[in-house]
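The values are calculated or read from the model by the stated rules, or taken from the named source; none is laboratory data. On a predicted model such as this, the values are computed, not experimentally measured, just so you know. Cβ sites come from the backbone with ideal geometry, for glycine too, and all protein chains shown count toward neighbours.
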Amino acid sequence: MPTPAEKLAESLEELRKIQSEDGITAIQASSFSRTHRERLLENGFIQEVIKGWYIPCRPATKPGDTTSWYTNFWKFCSDYLNNRFSGRWCLSPEQSISIHSGNWTVPKQLLVRSPKANNNLTNLLHGTSILEITLKIPQKNDIYVKNGVNIYSLTMALISCSESFYVQSPSDIRAALLLIKDSSEILNPLLDGGHSLIAGRLAGAFRNIKRSKIADDIINTMKSAGYDVREKDPFDDKLPIILSERDKSAVALRIKLMWQQMRNIVIENFPEAPGSAKDISEYLKKVEDIYKLDAYHSLSIEGYNVSVELIEKVRSGNWDPIGSKEDIEHKNALAARGYWQAFQKVKESIQKILTGQNPGAIIFSDHGSWFRELFAPSVTAGILKPSDLAGYRNNNVFISQSRHVPPDPDSVRDAMPTLFELLEEETEPSVKAVLGHFFFVYIHPYSDGNGRIARFLMNTMLASGGYPWTVIPVDKRENYMAALEKGSVDQDISVFAAFIANLTKEQMKKESSFNIRNS
């Protein structure tokens with residue numbers, strides 16, 4: 001008679017076949033037997049989203065953990081909607097624009113158009129939902145499929161979106177507008193549809209982002225065709241920077257726009273920079289003195305696709321979702337050693353900065369060595385391959401419990417040079433520290449270690465202004481993660497800026513009191 005482990009392995013094999021053969025994430029109840037389904041549910045390998053539909057998930061996941069759902073959200077919705085509407089569906093113009101701009105944040109409500117819809121609201125997991133609206137969708141050549149999701153083509157999305165979207169999501173729509181390189185891309189549908197009101201709005205929007213030639217072409221061409229066009233700027237602010245013609249990546253454009261939107265908020269929250277440290281050796285000594293405290297808190301903050309190997313491990317009875325004590329202790333030791341090695345490199349970077357070198361340029365050249373040292377012990381131990389230290393990730397990643405979806409690997413290679421360019425050009429140390437940390441996590445360039453490196457980056461930038469090394473305590477982890485989420489999902493940096501500013505002020509007071517006592 002098969003053991004319970006062998007029975008579970010058999011069910012896992014069925015799940016693996018479904019995933020590998022059909023390439024699906026939204027799994028229908030009819031895809032496997034009731035016995036397999038109940039066994040996989042009981043052991044936490046699948047989770048019900050709506051009646052009759054499941055997603056694969058990690059076993060031993062804590063109740064309320066959103067990671068599996070947010071990780072699978074877009075693929076589930078794509079599979080489910082294709083099944084429901086036979087491929088005849090499309091997201092709203094506004095959500096299409098967000099995706100064109102590189103914003104894959106999991107929305108609370110996905111707005112779907114289809115001629116086969118029933119105007120229904122379908123509640124999904126963790127407060128998300130799909131609202132299906134009975135509406136015509138664009139012709140086939142005006143629908144763009146991105147990562148399996150049907151969206152309006154860029155030009156049709158810009159023509160079809162609401163005027164209020166310019167105020168609600170200015171970074172998304174500006175990044176989308178900046179992807180239009182010539183007026184010919186948008187004039188044909190404007191002329192064919194006789195969209196004089198929309199033409200005036202788009203002309204005003206292009207002029208707002210310093211693309212006056214496109215704006216003039218729209219106005220002049222529409223008027224020459226006999227349309228009465230009145231230009232109107234739909235934004236409620238002016239673009240604070242001029243973006244160059246070489247800025248082509250949607251993600252890079254959004255980061256530049258968000259940086260400019262956020263920088264003044266950071267400055268308002270932070271105390272004035274003390275100024276570059278006069279005694280470099282004394283500053284570095286303080287950094288060294290805080291190492292143990294920083295390492296404890298930073299490491300403490302950092303707390304499946306079904307494979308053949310996992311199936312065999314379950315079959316043998318050796319599967320332990322929590323992990324043995326020996327494995328946990330070994331992993332902790334390697335992490336601690338890696339943190340110490342990386343910390344030594346960070347101190348070298350700070351020393352260069354304190355001697356007057358450009359902080360952004362130093363981080364650009366040095367952050368790769370921080371990453372390599374962070375994980376070098378794991379390579380030596382054979383847990384990681386040497387190739388894992390080669391550079392930025394080549395896979396998609398997801399952040400635990402976060403609705404924010406980091407950019408894909410190709411976009412990372414556009415986003416990171418943009419981040420370092422912004423760091424080099426920025427004059428305010430507080431902005432470099434807060435936004436440097438925030439956008440490093442936002443981009444998530446590595447498969448692991450992003451939080452630790454972001455905190456290193458923050459403190460090297462604080463050093464450039466003479467601020468003290470600031471530790472983010474593990475007991476404030478929930479506030480810390482919530483503040484990062486607020487910035488990533490809602491583009492509201494005020495909470496994160498205030499959070500870091502308050503910690504920095506506390507550290508400044510401690511150092512001031514210590515200096516008074518010892519004077």
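A compact table of results
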quantity	calculated
Where a residue in region 286-297 is among the hydroxyl-bearing types (Ser, Thr, Tyr) and its partner, wherever it lies, is surrounded by 15 or more Cβ atoms within 10 Å (Cβ to Cβ) and modelled with pLDDT of 85 or more, with Cβ under 7 Å and at least six apart	Tyr291/Phe343
Qualifying positions in region 208-231 - over 39 Å from the mean Cα position of the chain (by Cα) and either among the polar types (S, T, N, Q) or assigned to a helix (DSSP H, G or I) (or both)	Asn220, Thr221, Met222, Lys223, Ser224
Selection count where residues are among the aromatic types (Phe, Trp, Tyr) and assigned to a strand (DSSP E or B), scope region 26-41	0
Entirely in region 265-343, the helices (runs of 4 or more DSSP H) that have 3 or more residues that are surrounded by 14 or more Cβ atoms within 10 Å (Cβ to Cβ), in contact with a helix residue (DSSP H, G or I) (Cβ under 9 Å, 6 or more places away or on another chain) and at pLDDT below 80	308-316
Failed item in (1) in contact with a Ser or Thr (Cβ under 9 Å, 6 or more places away or on another chain); (2) modelled with pLDDT of 90 or more; (3) not in a loop (DSSP other than H, G, I, E, B), with Val251 passing the rest	(2)
Single residue of Val471, Val397 found to be surrounded by fewer than 23 Cβ atoms within 10 Å (Cβ to Cβ), closer than 21 Å to Leu284 by Cα and either among the hydroxyl-bearing types (Ser, Thr, Tyr) or in the same structural domain as Glu511 (by TED's automatic domain parsing) (or both)	Val471
Criterion violated by Leu389 - all others in (1) in contact with a Lys or Arg (Cβ under 8 Å, 6 or more places away or on another chain); (2) surrounded by fewer than 17 Cβ atoms within 10 Å (Cβ to Cβ) satisfied	(2)
Selection count, region 59-89, where residues are in a loop (DSSP other than H, G, I, E, B) and within 17 Å of Val112 (Cβ to Cβ)	4
Criterion (within 30 Å of Ser68 (Cβ to Cβ) and not β-branched (Val, Ile, Thr)) met by exactly one of Asn141, Asn188, Asn208, Asn150	Asn150
Among (1) buried (at least 20 other Cβ atoms within 10 Å of the Cβ); (2) modelled with pLDDT of 85 or more; (3) within 30 Å of Ser249 (Cα to Cα) - the single one His36 does not satisfy	(3)
Filtered residues of region 376-404 (kept if hydrophobic (A, V, I, L, M, F, W, C) and within 14 Å of Asn450 (Cα to Cα))	Leu389, Val397, Phe398, Ile399
Filter result (of a type outside the set (Lys, Arg) and surrounded by fewer than 18 Cβ atoms within 10 Å (Cβ to Cβ)) within region 134-152	Thr134, Leu135, Gln139, Asn141, Asp142, Val145, Asn147, Gly148
Elements of type strands (runs of 3 or more DSSP E) in region 90-200, at least 1 residues being among the small types (Gly, Ala, Ser) and not assigned by TED's automatic domain parsing to the domain that holds Asp236	109-114, 129-134
Total residues in region 42-57, condition outside any strand (DSSP E or B) and surrounded by fewer than 15 Cβ atoms within 10 Å (Cβ to Cβ)	4
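Table: residues versus (1) buried (at least 18 other Cβ atoms within 10 Å of the Cβ); (2) more than 23 Å from Ile255 (Cα to Cα); (3) among the charged types (D, E, K, R).
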| residue | (1), (2), (3) |
| --- | --- |
| Ile159 | yes, yes, no |
| Val167 | no, no, no |
| Pro170 | yes, no, no |
| Ala176 | yes, no, no |
| Ile186 | yes, yes, no |
| Leu191 | no, yes, no |
| Ala199 | yes, yes, no |
| Leu202 | yes, no, no |
| Phe206 | yes, no, no |
